[in-house]
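Asker: There's a structure below that I have some questions on.
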């Protein structure tokens, strides 16, 4: 099955329907990935394992993504993007149903590995899909819309899944997500426009290897930024439910509400990201990430005051809701057209490496020093990420001003 997709032109209307369908697909995929964070105590109790071992499910899922995304993206590069999205959604649904039926922790690991295989390829394809649907000057707007699916997962998906899991059992929550994924696969098949992801060479032009692409250094720098910032975030957020109940003193029944507040704040941040991503791709990211670091630090410093924790938690959610969209938009602006699909696969790999590594480090800190240290490590790593951004932004600006070597 080779691609018969069509390319957009600048005269076509803005593809709202296609972008909203992509957002829906991202919604179910992200909800599936992070559902264990809201149901962590319930799953640990039923499977008779520690909470850190349930947190390890996030690491295993993300580790599978890291190891398989780029190879799978390379193997499937000739195939239609649209039908590839449908195929991976079907596998995501299968992984969730298997998780719901898993009788042991070990079989649950296998189900999460299946989900991770599909999730990585899904993001490698979907990450660049919006850029294929619109001209370059609309990329930030398009990415903000599709990223709305990820924000909605934190606003509605994970909180509702958590509430459902608390009320009727975590297995039913996974089964429900599996069914919803099947519905989204059908919507993608019906409504998502096909795209042409192949880049044609001009007459007499010779294709250069990726390592010689002038945009590659900026892409690599952005990958490092993703790893630093997201590792910091997920070493704490993976264990946010036990932190809120054991350190923050919140009742378990209030966790879905708190997660809803965090996600709702993120929706506000996503709107702001859509406004600034195209105009200030570097500066906007620096400011948003700095606010995240300050908010997380406040959560840790004032853990004894539930009012302050709630306010800081919401302030954390606003900028972080826009950070992934800003990172993705900056990647699509940074990478050359020929490097775009590879950059999208590497973006997915780096992001999920950070998620898995963050969950792993957070688990080690939890077992070794307790939940109370997690927000401080989070704030320190993200603060370092802000410094790294400032330094590399200065270097990239100086590099862009230098004339290119004459060949």
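The values are calculated or read from the model by the stated rules, or taken from the named source; none is laboratory data. Being a predicted model, the structure only gives us computed values, none of them experimental. Ideal geometry is used to build each Cβ from the backbone, glycine not excepted, and the neighbour counts take in all protein chains shown.
Asker: Just a yes or no: is a residue in the range 97-114 at pLDDT below 80, in the same structural domain as residue 52 (by the TED database) and in contact with a helix residue (DSSP H, G or I) (Cβ under 7 Å, 6 or more places away or on another chain)?
Answerer: Within the range 97-114, not a single residue is at pLDDT below 80, in the same structural domain as residue 52 (by the TED database) and in contact with a helix residue (DSSP H, G or I) (Cβ under 7 Å, 6 or more places away or on another chain).
Asker: Right, another one. Criterion first (without any contact (Cβ under 8 Å) to a residue 12 or more places away in the chain and either assigned to a helix (DSSP H, G or I) or outside the structural domain of residue 110 (by the TED database) (or both)) does residue 53 satisfy it? Talk me through it step by step, then tell me what you get.
Answerer: Values: without any contact (Cβ under 8 Å) to a residue 12 or more places away in the chain: no; either assigned to a helix (DSSP H, G or I) or outside the structural domain of residue 110 (by the TED database) (or both): yes.
No: the conditions fail for residue 53.
Listed here are the residues, each with its yes/no results for (1) assigned to a loop (DSSP other than H, G, I, E, B); (2) surrounded by fewer than 18 Cβ atoms within 10 Å (Cβ to Cβ); (3) modelled with pLDDT of 90 or more; (4) in contact with a strand residue (DSSP E or B) (Cβ under 7 Å, 6 or more places away or on another chain).
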| site | (1), (2), (3), (4) |
| --- | --- |
| 244 | no, no, yes, no |
| 254 | no, yes, no, no |
| 268 | no, yes, no, no |
| 289 | no, no, yes, no |
| 296 | no, no, yes, no |
| 315 | no, no, yes, no |
| 318 | no, no, yes, no |
| 322 | no, no, no, no |
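Asker: State yes or no: is residue 127 crowded, with 24+ Cβ neighbours inside 10 Å and either farther than 23 Å from residue 79 by Cα or over 16 Å from the mean Cα position of the chain (by Cα) (or both)?
Answerer: Criteria not met by residue 127.
Asker: Given the criteria surrounded by fewer than 21 Cβ atoms within 10 Å (Cβ to Cβ), at pLDDT 85 or above and in the same structural domain as residue 303 (by the TED database), does residue 364 qualify? Spell out how you get there, then give the answer.
Answerer: On the way: surrounded by fewer than 21 Cβ atoms within 10 Å (Cβ to Cβ): yes; at pLDDT 85 or above: yes; in the same structural domain as residue 303 (by the TED database): yes.
Against the criterion (surrounded by fewer than 21 Cβ atoms within 10 Å (Cβ to Cβ), at pLDDT 85 or above and in the same structural domain as residue 303 (by the TED database)), residue 364 qualifies.
Asker: Give the residue, chosen from 389, 331, that is within 23 Å of residue 71 (Cα to Cα) and surrounded by 20 or more Cβ atoms within 10 Å (Cβ to Cβ).
Answerer: Values: 389 fails: within 23 Å of residue 71 (Cα to Cα).
Of the residues listed, the single one that is within 23 Å of residue 71 (Cα to Cα) and surrounded by 20 or more Cβ atoms within 10 Å (Cβ to Cβ) is 331.
Asker: Of 249, 232, which residue is modelled with pLDDT of 90 or more, assigned by the TED database to the domain that holds residue 326 and either within 17 Å of residue 262 (Cβ to Cβ) or buried (at least 21 other Cβ atoms within 10 Å of the Cβ) (or both)?
Answerer: 232
Asker: Hey, among 343, 325, which residue is touching a helix residue (DSSP H, G or I) at 6+ places or on another chain (Cβ under 8 Å) and farther than 30 Å from residue 257 by Cβ?
Answerer: Selected residue: 343, the only one of 343, 325 that is touching a helix residue (DSSP H, G or I) at 6+ places or on another chain (Cβ under 8 Å) and farther than 30 Å from residue 257 by Cβ.
Asker: Mind checking which residues of the range 341-354 are more than 13 Å from the chain's Cα centre (by Cα) and surrounded by 23 or more Cβ atoms within 10 Å (Cβ to Cβ)?
Answerer: Matches in the range 341-354: 341, 343.
Asker: Identify all residues within the range 274-287 that are more than 15 Å from residue 381 (Cα to Cα) and in a helix (DSSP H, G or I); write none if there are none. Walk me through how you get there before you give the answer.
Answerer: First, pick out the residues of the range 274-287 that are more than 15 Å from residue 381 (Cα to Cα): 274-285, 287.
If the condition is that a residue be more than 15 Å from residue 381 (Cα to Cα) and in a helix (DSSP H, G or I), then 274, 275, 276, 283, 284, 285, 287 are the ones that fit.
Asker: Could you say whether any residue in the range 98-107 is free of Cβ contacts under 8 Å to residues at least 24 places away in the same chain, assigned to a helix (DSSP H, G or I) and surrounded by 18 or more Cβ atoms within 10 Å (Cβ to Cβ)?
Answerer: Yes; the residues of the range 98-107 include at least one that is free of Cβ contacts under 8 Å to residues at least 24 places away in the same chain, assigned to a helix (DSSP H, G or I) and surrounded by 18 or more Cβ atoms within 10 Å (Cβ to Cβ).
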